[in-house]
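Just below is one structure, and these are the notes that go with it.
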Amino acid sequence: AQSVTQLDSQVPVFEEAPVELRCNYSSSVSVYLFWYVQYPNQGLQLLLKYLSGSTLVKGINGFEAEFNKSQTSFHLRKPSVHISDTAEYFCAVSEGGGSNYKLTFGKGTLLTVNP
Amino acid sequence: EAQVTQNPRYLITVTGKKLTVTCSQNMNHEYMSWYRQDPGLGLRQIYYSMNVEVTDKGDVPEGYKVSRKEKRNFPLILESPSPNQTSLYFCASSFWGPNEQFFGPGTRLTVL
């Protein structure tokens, strides 16, 4: 069965610093991977996705993530964060192939960017 | 405007009183899904639907029912709500499977 672990529940950083939000997944088959962002009192919005191909995926707002199959990881990075990046970030996995399109989310990482 | 709508946005009810939360999308999406969000637990998938008349259980389906009689609508039914179903509920849709999902604004449900 698929599962997702987000290793940090909260990550505080200063503005213009780099940030990495960690995500590890568990699955016995090939996977699709996603990062979503939730701003306060809003729904979720897709940041980026990995379906196949290049393991380095670029998303919106300057974020990128790297799929590492051997380490079963999909960490999210940004070289320089802004105050406006303060939000909760969710990693999600879905097992590829077959007819199983169940989507499993991690518990979220709250990114707080301080001035 | 392309969107996913949910109604109601806020609902306070009592244990055992059947309720339905509606979800509608205007993007001709095949895939629709319901999630609940609870503090510290992230989002958990309740049910999803690959297409009309095709539904399947997510990770937490107990106590919920769904139906997909039309492509655009995917209502969530709580036949006998209990306090542990107090939560923030999101509906989402996508063109194909779990590809980029578009989320509704959420429904905050309180069961007393």
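Brief remarks on what is shown
- Given charges at Cβ of Lys, Arg, Asp, Glu: the protein assembly as shown dipole, positive-most of A:Val4, B:Tyr35, B:Ser24: B:Ser24
- Over the range A:1-111, volume per residue of the alpha carbon convex hull, in Å³: 98 Å³
- A simple count of charges around A:Lys78, restricted to other residues whose Cβ falls under 12 Å of its Cβ and scoring Lys, Arg +1 and Asp, Glu -1, yields -3.
- P(r) tail, the range B:3-112: Cα-Cα pairs separated by more than 17 Å, 48% of all pairs.
- Alpha-carbon centroid distance for the pair the range B:12-56 / the range A:10-63, whole angstrom: 23 Å
- Placing unit charges on the Cβ atoms only, positive for Lys and Arg and negative for Asp and Glu, gives the protein assembly as shown a dipole magnitude near 600 debye about its Cα centre.
- Net charge dipole size for the range A:43-115 [Lys, Arg +1 and Asp, Glu -1 on Cβ; Debye, nearest 20]: 100 debye
- Listed by chain and number, the aspartates and glutamates whose C-alpha is less than 20 Å from the C-alpha of B:Lys17, apart from same-chain residues fewer than 8 away, are B:Glu62, B:Glu79.
- Straight-line reach from A:Lys69: taking Cα to Cα under 16 Å and skipping same-chain neighbours fewer than 8 places apart, the aspartates and glutamates in range are A:Glu95.
- Other protein chain Cβ atoms within 10 Å, averaged over every residue that makes up A:33-45: 4
- Cross-link partners for A:Lys78 among the lysines, with Cα-Cα distance under 19 Å and sequence neighbours closer than 8 places in the same chain left out: A:Lys49, A:Lys58.
- J(HN,Hα) series, the range B:62-74, from Karplus relation 6.51 cos²θ - 1.76 cosθ + 1.60, nearest Hz, glycine and proline x: 4, x, 10, 9, 9, 8, 9, 8, 10, 4, 7, 10, 8
- Divided by 2.2 N^0.38 Å, where N counts the residues, the Cα radius of gyration of the protein assembly as shown comes to 1.01.
The numbers here are math on the coordinates, done by the rules we state, and not lab data. The model shown is predicted, which means the values in this text are computed figures rather than measured ones. Quick reminder, even Gly has a Cβ in these numbers, built from the backbone with ideal geometry, and neighbours come from all protein chains shown.
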